[in-house]
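Here is the structure we will look at.
The values are calculated or read from the model by the stated rules, or taken from the named source; none is laboratory data. Remember, it's a predicted structure, so these values are computed and weren't measured experimentally. Please note: Cβ atoms are built from the backbone with ideal geometry, for glycine as well, and neighbour counts cover all protein chains shown.
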Amino acid sequence: MKKYTYTEKKDTRSGFGAGLAELGRTNQNVVALCADLIGSLKMEKFIEENPNRFFQIGIAEANMIGIAAGLATDGKIPFTGTFANFSTGRVYDQIRQSVAYSDKNVKICASHAGLTLGEDGATHQILEDIGLMKMLPGMTVINTCDYNQTKAATIAIAEHHGPVYLRFGRPVIPVFTDENQKFEIGKAWMVNEGKDVTIVATGHLVWEAIKAGEILEELGIDAEIINIHTIKPLDRDAILNSVKKTGCVVTAEEHNKLGGLGDSVAQLLITELPTPQEYVAVNDSFGESGTPEQLMEKYGLNADAIVKAVKKVIERKE
């Protein structure tokens with residue numbers, strides 16, 4: 001098993017900020033909009049270098065989506081920025097009607113997703129956003145795992161024509177992917193090859209899956225770990241090829257069990273290759289206030305929970 005190490009921790013939202021700043025220098029059609037959360041979305045550098053290509057909309061998220069759709073109609077590539085809760089649930093009608101329905105080239109960039117928003121509590125910890133966005137026809141849904149991957153994804157989506165939902169987070173986490181990686185939409189990343197179980201993880205749970213893989217190795221279990229950064233379109237071949245080999249799968253995500261990555265994998269397998277599957281996800285509940293670490297522990301979104309799920313799914317396979 002390949003060993004992954006890190007020398008620093010960074011928040012994935014800073015990867016978005018770095019990617020957006022890079023786009024400001026290389027793509028004159030990129031414009032940015034924010035709903036009163038410039039610091040939280042790390043958009044300062046883009047604004048400093050491109051003041052005439054930034055629009056501060058204020059606490060008016062629905063208006064921000066409408067303006068972004070209009071800018072896209074005129075050939076611009078708008079990147080909208082606010083918390084994931086406000087990027088999706090608050091403006092779902094505007095996204096559906098003004099962006100997705102007419103295939104507008106709008107990039108909806110959402111920070112502070114999932115439980116790891118932490119102390120702000122359940123009203124801000126959206127756990128339904130992946131489900132909401134992947135159900136929209138034509139919407140690409142991306143959930144990145146560290147700073148470097150988020151920066152690369154931010155740059156890549158500017159070259160993709162069509163609406164994109166890019167999801168990232170607030171806490172500092174290990175930076176373990178390549179600094180100069182090329183991000184390919186819809187192409188899974190094989191983290192570690194194995195033969196006994198497939199672990200399909202996304203976002204912050206990818207690092208937890210890597211830690212789980214190390215624990216499982218000590219127990220004599222050879223885990224194949226796949227990073228599904230693009231939830232839609234799903235890399236069907238990567239999942240099917242892995243599961244054909246291992247015979248069972250665990251999905252891991254910082255999202256509600258209903259509607260997220262796990263459901264996408266289950267839908268694929270039930271039609272193509274019925275396979276024992278276990279979910280590591282929030283079990284149909286809202287979150288609460290606490291530190292990210294406390295919440296990940298309480299809601300079963302860590303390496304220990306993945307190890308437990310692996311043991312259970314292997315028993316089902318046998």
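Results, tabulated for the structure shown:
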| item | result |
| --- | --- |
| Some residue of segment 284-299 being aromatic (Phe, Trp, Tyr) and free of Cβ contacts under 8 Å to residues at least 40 places away in the same chain | no |
| Residue in segment 96-116 that is farthest from Gly260 (Cα to Cα), counting only those that are aliphatic (A, V, I, L, M) and touching a residue at least 60 places away in the same chain (Cβ under 8 Å) | Val99 |
| Residue check, Ile126 touching a strand residue (DSSP E or B) at 6+ places or on another chain (Cβ under 7 Å) and among the aliphatic types (A, V, I, L, M) | no |
| Flag if Asp222 is over 25 Å from Leu127 (Cβ atoms) and either outside the structural domain of Leu136 (by TED's automatic domain parsing) or aliphatic (A, V, I, L, M) (or both) | yes |
| Residues of segment 257-282 classified as out of contact with any Phe, Trp or Tyr (no Cβ under 6 Å at 6 or more places or on another chain) and either within 18 Å of Leu132 (Cβ to Cβ) or of a type in the set (A, V, I, L, M, F, W, C) (or both), total | 15 |
| Restricting segment 1-21 to residues that are out of contact with any helix residue (DSSP H, G or I) (no Cβ under 6 Å at 6 or more places or on another chain) and charged (D, E, K, R), the residue that is surrounded by the most Cβ atoms within 10 Å (Cβ to Cβ) | Arg13 |
| Elements of type helices (runs of 4 or more DSSP H) contained in segment 10-108, each with 2 or more residues being of a type outside the set (S, T, N, Q) and closer than 21 Å to Met133 by Cβ | 12-26, 61-73, 84-87 |
| Residue selected from segment 109-124 under the condition in contact with a His (Cβ under 8 Å, 6 or more places away or on another chain) and part of a loop (DSSP other than H, G, I, E, B), by the criterion nearest to Gly15 (Cα to Cα) | His112 |
| Verdict on Ala153 being out of contact with any Cys (no Cβ under 7 Å at 6 or more places or on another chain), assigned by TED's automatic domain parsing to the domain that holds Gly15, small (Gly, Ala, Ser) and surrounded by 24 or more Cβ atoms within 10 Å (Cβ to Cβ) | yes |
| Helices (runs of 4 or more DSSP H) completely within segment 256-318 that count 2 or more residues being of a type in the set (Asp, Glu) and within 14 Å of Glu208 (Cα to Cα) | 292-298 |
| Residue in segment 149-172 that is farther than 20 Å from Gly17 by Cβ and among the hydroxyl-bearing types (Ser, Thr, Tyr) present | no |
